[in-house]
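Student: To start, I am sharing the structure in question, which I have written as structure tokens.
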Amino acid sequence: MTLCQHTPHLGGTSHLHSRNSTNSSTPPSKDGDPGRTPPQKERRAKPSGRAKGKQKGAPGAALRWREEDELDDRRDRYPEGACGCGADLARASDLGVVDRYQQHEIPLVSVSVVQYDQHAVACGCGRVHTAARPEGAGSGRIEYGPNLRGYAVYLLVVHFVPVHRVVEILTSLTGTAPSAGFVHSLLRRAARALAACDFAIRTLISLAFAVCADETPLKVGPATPAEGKKEAKGYLHVVCTDLYTHFLLGDRSTKTFRQTVLADLEPGAVAVHDRYQAYDSTQLGDLDHQLCLAHVLRDLAGAAELYPDDTWPIQLADELRELIHRANQARTRAETCLPERIKSLGVRGLRAAVRIGLAATTPIDDHRPGARKTRLLLEAFRDREDDFLRFTADLRIPPTSNQAERDLRPAKIQENISGRLTDLGRAKDRYLIRGVLSTVVKHAANPLIVLRDAFTGTTWLPPAARA
């Protein structure tokens, strides 16, 4: 996008305006692109008087001294060698312990090869019984075990390590050298092992009262655009809560939206999202909506740059921030909704700002790139006030879809590291696994253990959320 200079207009001056991460949904990684105006530096807050670093009373993370029954091993150490007089210290008198030291260490990892000989036994009745293979064993004569497989998938999916580097890491740490093809094939094997967990997560999200939803473009599949398409890309969709995450890889069509968990939500459930039109489709069912106020605040930052002499964009943003702040305070007090007195004050200020903004703008403004978007936002405030303020009536509803954006962010990191995911099938497997492991982390479980258990045939299932 090139930098555009606006022509003078009545009641204003010439003005430079460019989209960046503070006034639009453009990611921060694009702020430095040619032609973009960098975000304005935020004003520094007044010094709070607090010292830097850990605050008094905050929980620490330092190592603690372990008691006798918590130790894994205990070793006595004695002086070695000879005394200055020439006597051997091994024959010296023991005066007891004068110093104690505890060290937290991990053992050096080295692959161990174990051969399992399955014996057959004959019962006195004539029946023959053969020992079962160990957990996680396949049908072949030789293979890598579930621990190594779990580590490989963990590096691939959680830490975005490319396949060839996973091979290098495993070789350096364990002394074994799996092939790149084997490591890549683990994505499919892990996805199959976690399919039941993925289905359970989708079911639990469908029972939620409020969910966050978002989507982001990804470079997946062949690099050549399909017929009728300008770009060769797909869209990664997420529907999530603070406990569950479910991904779906597709496009931005209504058909794909119907395949997301949104179509499974109970009537009256609330979807928190940006104002993309597909979320309002009646084909997704009878849903209520909470329009993401983080997106709105970014749009209002752009409006403030677009209309520098007007105060209504700032007033509108301040009123929204105050309502969000008040809702957070009420939530900490275990209240179920925002007190009516506080809400009415905020709504009155919002409506006044919207009226002023509508009077100061026109449906068509060819002299201001971005003016149409601002006008549509104001009209949405006028026509869909309940959808902007639904979080004030029920504090279970988040005012932003930030949870969805946080769950999607690793996909963009993956793309920046590895580029295009050319194998569409493995990309779907990757995000099925990612959704499961995101849910695992939200439940404070260990993703490595979940992966290892999945390869041995034990599927982790998330608990249902408490009402």
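The values are calculated or read from the model by the stated rules, or taken from the named source; none is laboratory data. All values reported here derive from a predicted model rather than from experimental measurement. Glycine also receives a Cβ, built like all others from the backbone with ideal geometry; neighbour counts cover every protein chain displayed.
Student: I'd like the residue in the stretch 361-372 that is surrounded by fewer than 15 Cβ atoms within 10 Å (Cβ to Cβ) and touching a residue at least 12 places away in the same chain (Cβ under 8 Å) and, out of all such residues, is farthest from Arg275 (Cα to Cα).
Tutor: Applying the filter and picking the extreme gives His367.
Student: Can you name the residue in the stretch 230-248 that is modelled with pLDDT of 95 or more, closer than 16 Å to Ala427 by Cβ and among the aliphatic types (A, V, I, L, M) and is also nearest to the chain's Cα centre (by Cα) among such residues?
Tutor: Restricting to residues being modelled with pLDDT of 95 or more, closer than 16 Å to Ala427 by Cβ and among the aliphatic types (A, V, I, L, M), the top hit is Val238.
Student: Take the conditions surrounded by 15 or more Cβ atoms within 10 Å (Cβ to Cβ), of a type outside the set (Lys, Arg) and at pLDDT below 95 and apply them to Pro162. Does it pass?
Tutor: For Pro162, the condition - surrounded by 15 or more Cβ atoms within 10 Å (Cβ to Cβ), of a type outside the set (Lys, Arg) and at pLDDT below 95 - is met.
Yes/no matrix, rows are residues, columns are (1) under 34 Å from the mean Cα position of the chain (by Cα); (2) in a helix (DSSP H, G or I); (3) on the phi < 0 side of the Ramachandran plot; (4) assigned by TED's automatic domain parsing to the domain that holds Ala371:
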residue	(1), (2), (3), (4)
Leu316	yes, yes, yes, yes
Arg321	yes, yes, yes, yes
Asn328	yes, yes, yes, yes
Arg331	yes, yes, yes, yes
Leu338	yes, no, yes, yes
Arg341	no, yes, yes, yes
Val347	yes, yes, yes, yes
Ala353	no, yes, yes, yes
Leu358	no, yes, yes, yes
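Student: Related question: Just one of Ile314, Ile342 is surrounded by fewer than 20 Cβ atoms within 10 Å (Cβ to Cβ) and more than 30 Å from Ala465 (Cβ to Cβ); which is it?
Tutor: Going through Ile314, Ile342 in turn, the sole match is Ile314.
Student: Can you tell which of Leu323, Leu306 is surrounded by 17 or more Cβ atoms within 10 Å (Cβ to Cβ), at pLDDT 95 or above and not basic (Lys, Arg)?
Tutor: So the residue among Leu323, Leu306 that is surrounded by 17 or more Cβ atoms within 10 Å (Cβ to Cβ), at pLDDT 95 or above and not basic (Lys, Arg) is Leu323.
Student: Could you list all residues from the stretch 431-457 that are without any contact (Cβ under 8 Å) to a residue 12 or more places away in the chain and either among the small types (Gly, Ala, Ser) or outside any helix (DSSP H, G or I) (or both)?
Tutor: Answer for the stretch 431-457, where residues must be without any contact (Cβ under 8 Å) to a residue 12 or more places away in the chain and either among the small types (Gly, Ala, Ser) or outside any helix (DSSP H, G or I) (or both): Ala444, Asn446.
Student: Something else now. Select from the stretch 306-335 the residues that are of a type in the set (Val, Ile, Thr) and free of Cβ contacts under 8 Å to residues at least 60 places away in the same chain and write down the one among them that is farthest from Ile397 (Cα to Cα).
Tutor: Among them, the one singled out is Thr311.
Student: Quick one: count up the residues across the stretch 225-275 that are hydroxyl-bearing (Ser, Thr, Tyr) and without any contact (Cβ under 8 Å) to a residue 60 or more places away in the chain.
Tutor: Number satisfying all stated conditions: 5.
Student: For the stretch 444-465, check the following and say yes or no: at least one residue is of a type in the set (Val, Ile, Thr), within 21 Å of the chain's Cα centre (by Cα) and under 30 Å from Lys343 (Cα atoms).
Tutor: Scanning the stretch 444-465, I find no residue that is of a type in the set (Val, Ile, Thr), within 21 Å of the chain's Cα centre (by Cα) and under 30 Å from Lys343 (Cα atoms), so the answer is no.
Student: Report the residue count in the stretch 232-270 for those that are assigned to a helix (DSSP H, G or I), crowded, with 23+ Cβ neighbours inside 10 Å and out of contact with any Lys or Arg (no Cβ under 7 Å at 6 or more places or on another chain).
Tutor: Qualifying residue count, the stretch 232-270: 2.
Student: Further question: With the condition kept exactly as written, say whether any residue in the stretch 423-430 is part of a helix (DSSP H, G or I), closer than 29 Å to Leu451 by Cα and in contact with a His (Cβ under 9 Å, 6 or more places away or on another chain).
Tutor: Scanning the stretch 423-430, I find at least one residue that is part of a helix (DSSP H, G or I), closer than 29 Å to Leu451 by Cα and in contact with a His (Cβ under 9 Å, 6 or more places away or on another chain), so the answer is yes.
Student: Can I ask one more? When you look at Thr392, is it within 24 Å of Thr241 (Cα to Cα) and not in a helix (DSSP H, G or I), yes or no?
Tutor: no
Student: Ok, one more. Would you check which residues across the stretch 234-267 are closer than 18 Å to Ala196 by Cα, polar (S, T, N, Q) and in contact with a Gly (Cβ under 8 Å, 6 or more places away or on another chain) and list them?
Tutor: Across the stretch 234-267, the qualifying residues are Thr245, Gln259.
Student: If you don't mind, there's one more thing I want to ask. How many residues does the stretch 208-224 hold that are farther than 21 Å from Glu266 by Cβ and in a strand (DSSP E or B)?
Tutor: 5
Student: Only one of (1) over 33 Å from the mean Cα position of the chain (by Cα); (2) assigned to a helix (DSSP H, G or I) fails for His367. Which number is that?
Tutor: (2)
Student: Which one of these does Leu291 not meet: (1) buried (at least 16 other Cβ atoms within 10 Å of the Cβ); (2) in contact with a Lys or Arg (Cβ under 9 Å, 6 or more places away or on another chain); (3) over 24 Å from Glu215 (Cβ atoms)?
Tutor: Exception for Leu291: condition (3).
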